[in-house]
Amino acid sequence: MDRRRMKWNWPIIGLGLLLNSTIVWGQAAQSTGAANSDADSTNAATNPATPKLTLQAWDNWVPHASGAEGRSGNSLLSRNIIPVKTFGVMNLVHVEIPIVTNPTVPGGSETGVGGTTLYNFSVVKVHTTTYGAGPLVVLPTENNTYFGPQKWQAGIAAIVMDAPKWGLLGGIFTYQHAFGSGDGPITQQATFQTFIHYNLGDGFYLQSEGVTAMNSGPGVRVVPVGLGIGKAWAYVSGRPFSAFVEPQYSVWRRGEGAPTWQIFSGISFQIPVSFKLWDKSESSTK
């Protein structure tokens, strides 16, 4: 082979290798960017600290409640989050209305409305972590004492939620104490809901969201642990939708009515709207 031809071929070969490496690197960077965008979208759609108007329905189906002779129970929770910016601080106002089906003695079941819970998180975000706390009030909207103490209740609520690229890690704590007149007893209740999400890609994620509850009224104390799967759909309109299902097992339980197993499921719909009250900053409504 002509050495002069080889001398000219080497620069051409080198240029080809450089172009090929650039294309591969660009494809890898694009893939990484797409994965990060997907993770951000999934986190935003499932993060309870996302400052968007959020409409949720959560359901806990208990196939076997302690002391109910094998009968089932159910709790359907309408959970809505209203973002309100006040004096430059974002507040996440929660409104929760439960519809409960409890097994009765000696047989059958009864369905009614529980107490309406209102609480607020005044939140601040540091890097990827959101911190918040605020007051909690329960309105005595129960049909009867079978669904709650039918008393006013007050307490506190707090949230810590980290949202790294791989998912979510955090929890929500609430405490409430009954007071005033009413047919039911003076009760106290504390709950802690863990949020552990791991993003799988394409909007799919694994989750564990067990709610540890301690209630002095019926004496129910339960620590459930579960593993479920969810899916988030991110739309161009900015209105993400998500759904999940999670079987949970109570690793520790006490009291009549405490579940052994339960199926936790839910749907969530976000609207990119927030509100202002006594705030002069630009509106975050999109």
Rg [Å, one decimal], Dmax [Å, integer] - segment 38-277, C-alpha atoms: 17.9, 55
Neighbourhood net charge (12 Å Cβ-Cβ; Lys/Arg +1, Asp/Glu -1) for LEU77: -1
Ranking of PHE179, PHE269 by count of other Cβ atoms within 10 Å, fewest first: PHE179, PHE269
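Step by step: find N for segment 53-117, compute 2.2 N^0.38 Å, then divide the Cα radius of gyration by it. What's the final number?
Working: Rg = 16.4 Å, N = 65, 2.2 N^0.38 = 10.7 Å.
Ratio of Rg to 2.2 N^0.38 Å for segment 53-117: 1.53.
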Exposure proxy order (Cβ contacts within 10 Å, fewest to most) of VAL89, VAL160: VAL89, VAL160
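Pairs of alpha-carbon atoms within less than 8 angstrom and 6+ residues apart define the contacts here; what relative contact order does segment 38-277 have, in percent? Before the final figure, lay out each step's value.
Values: 718 pairs, mean separation 48.5, N = 240.
So the answer I get is 20 percent.
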For PRO98, net neighbour charge (Lys/Arg +1, Asp/Glu -1) across residues whose Cβ lies under 11 Å away: -2
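Send over the Kirkwood Rh of segment 67-202, from the inverse of the averaged 1/r over different Cα pairs, rounded to one decimal Å.
Details: mean 1/r = 0.0593 Å⁻¹.
16.9 Å is the Kirkwood radius here.
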Net charge dipole size for segment 38-277 [Lys, Arg +1 and Asp, Glu -1 on Cβ; Debye, nearest 20]: 460
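With the radius of gyration and the Kirkwood radius both derived from the Cα set of segment 139-285, what is their ratio Rg to Rh? Mind dumping the intermediate values first?
Values: Rg = 18.6 Å, Rh = 17.9 Å.
Rounded to two decimals, Rg/Rh equals 1.04.
Since every read-out is calculated from the coordinates, none of them should be taken as a lab result. All values reported here derive from a predicted model rather than from experimental measurement. Virtual Cβ from ideal backbone geometry, glycine too; neighbours counted across all protein chains shown.
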